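Below is one structure; the comments refer to it alone.
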Amino acid sequence: MDLGRGIPMRCDCGAATVVLASNTARNPGRRFYRCGAISGENHVFKWVDEAHDEEFVVVANKLATMEQDLADIKADLADMKNDISENVALIECLRGKC
Ligand SMILES: [Zn+2]
């Protein structure tokens, strides 16, 4: 099962994940995501702390992409404003105002 990066919201079987706490001697109290329907080899299991560390990277990458997209949109908007100004000036000129 490929969990992908970050917080697993759903298992491949379609069930939503749940958060439980480990009661093993090796990981006492450590929280984990697990398939909400079935515990088993082909169902979600992921430590919460590791999932959250991954999620931080996923969100940071999304934020960087969104910031770049916003910069691109601002540049496009500035270009469109210039085009509009040029068109307005041209129309005024055609009306004999220049
Ligand atoms: Zn499952």
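Nothing in this text is a laboratory measurement; each read-out follows from the coordinates by a stated rule. These figures come from a predicted structure and were not determined experimentally. Positions of Cβ are generated from backbone atoms using ideal geometry, with glycine treated the same way; all protein chains shown enter the neighbour counts.
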(request) Give the residues of the stretch 12-33 that are more than 15 Å from Val48 (Cα to Cα) and touching a Cys at 6+ places or on another chain (Cβ under 8 Å), sorted by residue number. (result) Cys13, Ala15
(message) For the list (1) away from the ligand (no atom under 14 Å from the Cβ); (2) assigned to a loop (DSSP other than H, G, I, E, B); (3) free of Cβ contacts under 8 Å to residues at least 40 places away in the same chain, I need the number of the one condition that Asn82 fails.
(response) (2)
(request) Exactly one condition in (1) away from the ligand (no atom under 16 Å from the Cβ); (2) touching a Ser or Thr at 6+ places or on another chain (Cβ under 6 Å) is not met by Val44; state its number. (result) (1)
